[in-house]
Amino acid sequence: MNNKKVPLRQCIGCGQMMSKKDLIRVIKTKEEDILIDATGKKNGRGAYLCCSSECFNKAVTNRGLERSLKTTIPKEVYKQLAKELENVESKWWYFKERVRGVKSC
């Protein structure tokens, strides 16, 4: 038998444990830039979010993103992340529904 362990991560918005592939990764690079890592393989300190904007809003409200990335985040960066998340979210849903057959987050 070849049962491979599925890596689980916790959403910083809702706190739900999910497969790493089902979450969106936000990273802080060495240059202190904060951005969305669509591949999940970029270098930097990472935090994971569900595929919904609700979880992003919860993470902003309870400062989960700041805590996970161990830095303060300006409002401009939050606005930029929200725009990027909308773009990634739409692509994510398309991929999940078409390729993997997943209907909800």
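For segment 67-74, check the following and say yes or no: at least one residue is surrounded by fewer than 19 Cβ atoms within 10 Å (Cβ to Cβ), at pLDDT 90 or above and either among the small types (Gly, Ala, Ser) or touching a Ser or Thr at 6+ places or on another chain (Cβ under 9 Å) (or both). Yes - at least one qualifying residue is present in segment 67-74. Scanning segment 9-30 for residues that are surrounded by 13 or more Cβ atoms within 10 Å (Cβ to Cβ) and in a strand (DSSP E or B) gives ARG9, GLN10, CYS11, MET18, ILE24, ARG25, VAL26, ILE27, LYS28.
Filtering segment 55-65 to residues that are surrounded by 14 or more Cβ atoms within 10 Å (Cβ to Cβ) and either closer than 21 Å to ASN87 by Cα or at pLDDT 95 or above (or both) leaves CYS55, PHE56, LYS58, ALA59, VAL60, LEU65. Residue selection: ASN2 fails the criterion of being modelled with pLDDT of 90 or more, part of a loop (DSSP other than H, G, I, E, B) and loosely packed, with under 10 Cβ neighbours inside 10 Å. Considering only residues in segment 28-54 that are without any contact (Cβ under 8 Å) to a residue 40 or more places away in the chain and of a type in the set (A, V, I, L, M), the one that is nearest to ASN87 (Cα to Cα) turns out to be LEU49. Scanning segment 31-83 for residues being closer than 12 Å to CYS14 by Cα, part of a loop (DSSP other than H, G, I, E, B) and hydrophobic (A, V, I, L, M, F, W, C) gives a total of 2.
The values are calculated or read from the model by the stated rules, or taken from the named source; none is laboratory data. Owing to the predicted nature of the structure, the values given are computational and were not obtained by experimental measurement. Every residue, glycine as well, gets a Cβ built from its backbone with ideal geometry; the counts of neighbours run over all protein chains shown.
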